[in-house]
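Below: the structure, in structure tokens.
The values are calculated or read from the model by the stated rules, or taken from the named source; none is laboratory data. Model, not experiment: these values are computed from the prediction. Backbone-built Cβ (ideal geometry, glycine too); neighbour counts: all protein chains shown. For the accessible areas, the whole protein counts, side chains as well, though only heavy atoms, and no ligand, DNA or RNA atoms are used. Shrake-Rupley method; radii C 1.70, N 1.55, O 1.52, S 1.80 Å.
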Amino acid sequence: MHNSSWLGKWVAGKRSRWVTLLVWIALAALLNVLLPAVGDQEDNGAANLSASKPSVQAEAVSEREFPSGADIPALFVWHRESGLTDEDLQAIRKLTEELSAEPAPYQTTVVPLYQMPLQALKAQLSEDGSTLVSPILFEKSADSDRLGEGIDRIKDEIKALVGADPFEAAVDSGELSARVSGPVGISIDATGLFHNADFALMAATVLLVLVLLLLIYRSPILAFIPLIAVGFAYLTVSPLLGWMASEGWITVDSQAISIMTVLLFGAGTDYCLFLIARFRQLLKTEPDKRAALKASISDASGAIAMSGMTVVLALFALLLAEYGAYQRFAVPFGIAILIMGIASLTLVPALLAIIGRASFWPFVPRTREQAAERVARLGKGKSKSAVAAEKPARNRVGSLVVRRPWTIVLVCLIGLGLLAGAATQIKFTYDLLSSFPEDMESREGFALIGEKFTPGELAPAQVIVDSQGKDVSGLADALKSLDFVSAVGEPQIGRENGNIVMIEVQFAMNPYSLEAMGHIPELREAAEAALASAGAASAADSVWIGGQTAEQYDNKAAGERDMRVIIPVVIGLITLLLLLYLRSIVATVYLVLTVILSYFSALGLGWLVLHHLMGAEAIQGAIPLYAFVFLVALGEDYNIFMISSIWQKRKTMPLKQAIKEGVLETSSVITSAGLILAGTFAVLGTLPIQVLVQFGTVTAIGVLLDTFVVRPFLVPAITTLLGRRAFWPGRYEPVAESMRAER
């Protein structure tokens, strides 16, 4: 607990408050003029896997030996309930002729259906004659925006040929409908969801924070102070990250920017409230607003800095991730929280110093003397709100905690333990399509493929082997014999190396499902066995499995590895920071353990809500790690703020009294901060993207558990039970003997 009075003089003095405000204004203006915005530097096509991963190696071999096979397909799914007509098929043939003569942007290949006799084309239809899938290939290097440009051009041509818009026609309407699915359609839809969500997310988050602040503090001026600070932080963070991305130092995508916005408003408002609450408290006993503000900065800055640092370090731990999407979160989120922490300790005090007591209008906190003077000045009975002498706040929770600590601890542990047990029932999915709304174009197209053909056509796997000059004609038969395979293509010979052979394999199930991913090792084993039986040496080093399913399998493996590495690192970093801050091993241990318990309880309760109330069959595999980093770091914030209050008070009063007062002092600010933080994460639940709905739901539940169970009950009850042992090995400095008597 270091004295921070120097900070108050620097940022909230008579002149320095204006200097601080002007510095922030100038900084935000200059950065936005000189540097690019982060939104202009999005790269939504960034790779998630390193070159050492098997699926990436397979892709490299495929690009070298089978150039056309390395392109990514857009699957145009044509459908008419009553059956595709000759006129429909002629229009489709004409489209392929036009695209062969004049390709769309970033298009590489189109199957020349116009060269196929009408009768032969009809043989490609589904059994009921209602559906046709025609692939168009695009450059592998094209990102989703460029792919969207090419698809839009093709859609315009289709509308001209058909004389209507089949992409707007409902699948079951009886009219000709068309949907773009496959890897290209999925990529475009995934990016489009985030593009459409950005503004809505920002607007909803701002509105929610503003409404909650108005309801909690009932002051229109105060409600805007945290929002102004967050706004300046965002205006500073955005160009800094944009510049870093333009220099190639980091990669940012739309998903990271969306969550960063929520994090800034949620966590940022919390840090502001920690300081504002202390300032409001001191204004009731300190007549000089400057002295009150400097004292509040001195009291709260250590906890705010410590809280911010735990979150920053936890987020930077994501740099250790192998999986690209995790790694891309680290720097944007870490820098955002760092700058927000600086804003809460500089800009917010400056604004409070400028506005003073009027920040809390119309419920202005005053000392008894000031309130009495105001009543006398206004005349008796003219302003009841002028009376600052408030009734002592009732401290039922604090009293209950110190009276019944064993009961509180047991009830909390049993309740949280049961919820944590539900986490063992969670089912995971890595199917990106399941994260889309059911009426999303690529998902509707995929549903038609699965219903009319086989879902494996959406994304076949590529089995590539180096025959080493041996006869591997038995490979196709070996693959056909696998019960999870529905179709096997003709062997293809490599362009540069004649020993390289590729066979496309279609799964008999959704190729993005966990079931299909689980068959990747079996597919590899079958290929290795066929290669070994042909007499090839080192079969294990001569087989590559490529395609979307293999990539998802590697994504899953990388994510599981990242959890094993990052979770212990985050726990270790937070433990180290708490040790340095509290100088107590005992307190550090139970603070960390309670937050970990809260995390597993949030996962369990989150699963119960998502599965039983919201109908989710499984949650995205990335949710546990995302939720862990945020919940453990943000949950520890509230513990730090409350335990800091207890640590300060125990120097002047008996420990049980310090615990009671600490719970009372921090209850309102942490409750309001928790509601705001949970609310901002819950805003993610309004988006049409299941991964964000699930992340927002689990994180919001975790924040609420920390706010209403762990912080007010479990942690102070454990502290009460441990007594002075909670400070070990630090020295417990008891107050004078006359003050030590405790009820």
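If a/c stays under 1.5 just call it rounded; otherwise compare a/b with b/c (prolate if a/b is bigger, oblate if not). Do that for the stretch 1-105, with a ≥ b ≥ c from the square roots of the Cα gyration tensor eigenvalues.
prolate
Whole number in Å², please: accessible area per residue of the chain, 1.4 Å probe, ligands, DNA and RNA not counted.
With all protein chains present, the chain gives 42 Å² per residue.
Less than 18 Å apart at the alpha-carbon level, and either on another chain or at least 8 residues along: which aspartates and glutamates does that give for Lys14?
By straight Cα distance, Lys14 reaches Glu286, Asp288.
Name the lysines eligible as straight-distance cross-link partners of Lys480: C-alpha to C-alpha under 23 Å, and not fewer than 8 places from it in the same chain.
Output for Lys480: Lys452, Lys470.
Determine the sum of side-chain charges near Gln694: Lys and Arg each +1, Asp and Glu each -1, restricted to other residues whose C-beta is under 15 angstrom from that of Gln694.
-1
Once each part is reduced to its C-alpha centroid, what is the distance from the stretch 161-215 to the stretch 222-300 in angstrom?
32
Can you send over the carbon and sulfur percentage of the accessible area for the chain, probe radius 1.4 Å, protein chains only?
58
Equivalent-ellipsoid semi-axes (√(5λ), Cα gyration tensor) for the stretch 235-295, whole Å, largest first? Show your work: numbers first, answer last.
On the way: eigenvalues 287, 34, 7 Å².
Semi-axes (√(5λ), whole Å): 38, 13, 6.
Treating cross-link reach as a plain straight distance, find the lysines whose alpha-carbon is under 30 Å from the alpha-carbon of Lys651, omitting any fewer than eight places away in the same chain.
Lys9, Lys284, Lys289, Lys294, Lys391, Lys660
Which one, (1) 81, 58, 54; (2) 97, 79, 46; (3) 99, 54, 45, gives Cα extents along the principal axes in Å as derived from the coordinates shown?
Comparing each candidate, only (3) matches the computed number.
Please report, to two decimal places, log10 I(q)/I(0) for the stretch 487-526 at q = 0.15 Å⁻¹ as given by the Debye formula with identical point scatterers on the Cα atoms and no solvent.
Here the Debye-derived log intensity ratios amount to -0.46.
Highest mean first, what order results for 407-414, 53-60, 171-178, 599-606 on Cβ atoms within 10 Å?
My ranking of the peptides, most packed first, is 599-606, 53-60, 171-178, 407-414.
Take the Cα atoms of the stretch 51-159, build their convex hull, and give its volume per residue in Å³.
130
Where Lys and Arg each count +1 and Asp and Glu each count -1, what net charge lies around Pro112 among other residues with Cβ under 15 Å from its Cβ?
Taking every Cβ under 15 Å from that of Pro112, the sum is -1.
Run the numbers on the chain and let me know its relative contact order in percent, using alpha-carbon pairs under 8 Å that are six or more apart.
Rounded, it is 18 percent for the chain.
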